[in-house]
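Working notes, structure below.
The values are calculated or read from the model by the stated rules, or taken from the named source; none is laboratory data. Quick caveat, the model's predicted, so the values are computed rather than measured. In this analysis, Cβ positions are derived from the backbone assuming ideal geometry, glycine residues included, and neighbour counts consider all displayed protein chains.
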Amino acid sequence: MFKRIICVLFAASFSFALFAGGSQEAEAGSVAAGSDKAVTIEFVATQPEYLEQDKQIWELYMEENPNVTIKVTSLNEDQQTAFLARIAANEGPAIMANGFPGADKSTYKTFVNLLDIDYPYWDQLSYDGKTLFETETGIADYVPGIQLFNTFNFSFLFYEDEMEKAGLNPTAIRTWDDVDNFLAELKVYVDKTDSLEYVLDTGWHSWVWGLCLPNILSLSLGASIQDLEDLYLGKIAWTDIENNPMVPFFEKLKDYYQKGYLPKNWLGRDWENEFEAGFINRKSILTLHGPWIWNKVLAADPSAQLGGVPFPAGKDGKLAAYPVTTYQSSAILAQYEGTEDFDEIVKAFIWYNSPEVSEMRAQFTGSKPNFKTLSSNFTIDSPQYVSVVKPAMEGAFGSGLSWDNSTWGVTAAGPYKIEGKADVLQDDALSDPIGKYFNDEMSLEDLMDMYQKRWENAYTF
């Protein structure tokens, strides 16, 4: 059972952060000591769910820099169109914890090249922050963002007390046969329980169902990282039903859909206002999600008893996790370069993306910071991490398991992506053909032929 997790900034952290803020002023060399010019910097929070925690962290910075006001805002998905209009009009925020739109070949110049700001922690990163964007896109000598967190994890999430009422134990899941049997038993319970509407709850989200879960669940179902790379590099055709590593993912989803485990309307179901709101209000007791909904549930009901279990391990005991990427990483918008406030913006950005502050941020992101050295007493107390991520590494869900955040095939093919072309899998328009496949209005062969054509349109080798 978890109570609501709040980012508590202890006095020791407070002192440490103030010390870090002072030292970075010297390292960045950008603002004269004792500057008293009033500056307001808009910052977009890591996630809307973490708005208050980010505000608490920035309070530390403003204590040390009283001339600076950090205006902490958030960006919900239904605000993204208006937000893009702000950026187009050069009226965007200065700093984003997760740069939006994501940095790719078409958008990277929206963001400052961080190689130009004297960021003092490049050598302390646990990955090559200076070249990752080149690996992803083929564009050299440009870093539009820094990804300071090791990964985030998708897993099953459930209400422990409700599962106890149902007489079910999802923590015993180890294989996909276990998942199949568990869902069959849960459906029997849901069908006879008036308050429940769904077995495995979800909604449509093109990033989740068009990037994250196709890769993560394909790996869980037996594909390898090499298989995914071969698919995206053209060594395996999408139409090669026998060898396409994503075919089992689509077949599994169709099977679950036709058995009534997934909501009948899930491909047209709003992610936040229908799916997440419904799960928070217990219209279902099982879902699959990243760390964010844990915080949303506990914010709405601090007494909620949440539990989780990883998806079954793939090859070699690997639990697939989201890879480290510069896409939607911590960034400064380029519209502020050359402005009178730019030096203060850079100073604040460096402070927020320091090892010390990242340890504070880890308490709500639920992920280890990407720095080689962390404090000796560093721990993470976020709910998904405590319930799923850490126990998995400690053998709670089987021996020898480890999380793998290796990059996927889409990253390997990144340098060959044609600028402006649609992604193969990540597109809201794809909910319609996927729905036709689920409802036997399109064959698997025709669905894969569509993806093959999208791949041919998206890449040149």
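Can you find even one residue in region 89-99 that is at pLDDT below 90 and under 21 Å from GLY338 (Cα atoms)?
yes
Name the residue that is modelled with the lowest pLDDT, counting only residues in region 69-85 that are surrounded by 13 or more Cβ atoms within 10 Å (Cβ to Cβ) and in a helix (DSSP H, G or I).
Looking at residues that are surrounded by 13 or more Cβ atoms within 10 Å (Cβ to Cβ) and in a helix (DSSP H, G or I), I get GLU77.
Name the single residue, out of those in region 142-153 being assigned to a loop (DSSP other than H, G, I, E, B) and within 12 Å of the chain's Cα centre (by Cα), that is surrounded by the most Cβ atoms within 10 Å (Cβ to Cβ).
The selected residue is ASN153.
Does ALA237 satisfy the condition of being at pLDDT 95 or above, small (Gly, Ala, Ser) and under 25 Å from GLU164 (Cβ atoms)?
no
Within region 188-201, can you find the residues that are surrounded by 16 or more Cβ atoms within 10 Å (Cβ to Cβ) and out of contact with any strand residue (DSSP E or B) (no Cβ under 6 Å at 6 or more places or on another chain)?
TYR189, VAL190, LEU196, TYR198, VAL199
Does any residue in region 376-394 that is farther than 18 Å from GLU359 by Cβ come within less than 6 Å, Cβ to Cβ, of a residue that is hydroxyl-bearing (Ser, Thr, Tyr) and not in a loop (DSSP other than H, G, I, E, B) six or more places away or on a different chain, and which pairs are these?
Qualifying pairs under 6 Å: VAL388/SER155.
Listed here are the residues, each with its yes/no results for (1) of a type in the set (S, T, N, Q); (2) crowded, with 19+ Cβ neighbours inside 10 Å; (3) part of a loop (DSSP other than H, G, I, E, B); (4) in the same structural domain as ASP201 (by TED's automatic domain parsing).
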| site | (1), (2), (3), (4) |
| --- | --- |
| ALA103 | no, yes, yes, no |
| ASP123 | no, no, no, no |
| ASP128 | no, no, yes, no |
| ALA140 | no, no, yes, no |
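Would you check which residues across region 372-393 are touching a Leu at 6+ places or on another chain (Cβ under 9 Å) and surrounded by fewer than 20 Cβ atoms within 10 Å (Cβ to Cβ) and list them?
Result: LYS372, MET393.
Can you tell me which residue in region 154-172 is surrounded by the fewest Cβ atoms within 10 Å (Cβ to Cβ), limited to those that are of a type in the set (Asp, Glu) and in contact (Cβ under 8 Å) with a residue 40 or more places away in the chain?
Residue satisfying both the conditions and the ranking: ASP161.
Could you grab me the full set of residues in region 333-359 that are aromatic (Phe, Trp, Tyr) and either within 26 Å of the chain's Cα centre (by Cα) or at pLDDT below 95 (or both)?
Result: PHE349, TRP351, TYR352.
Of all the residues that make up region 402-451, how many are surrounded by 18 or more Cβ atoms within 10 Å (Cβ to Cβ) and either touching a Cys at 6+ places or on another chain (Cβ under 9 Å) or of a type in the set (Lys, Arg) (or both)?
Total satisfying the criteria: 1.
Are there any helices (runs of 4 or more DSSP H) wholly within region 389-461 with 1 or more residues that are more than 18 Å from LEU228 (Cα to Cα), and if so which?
Qualifying helices (runs of 4 or more DSSP H): 390-393, 431-438, 444-458.
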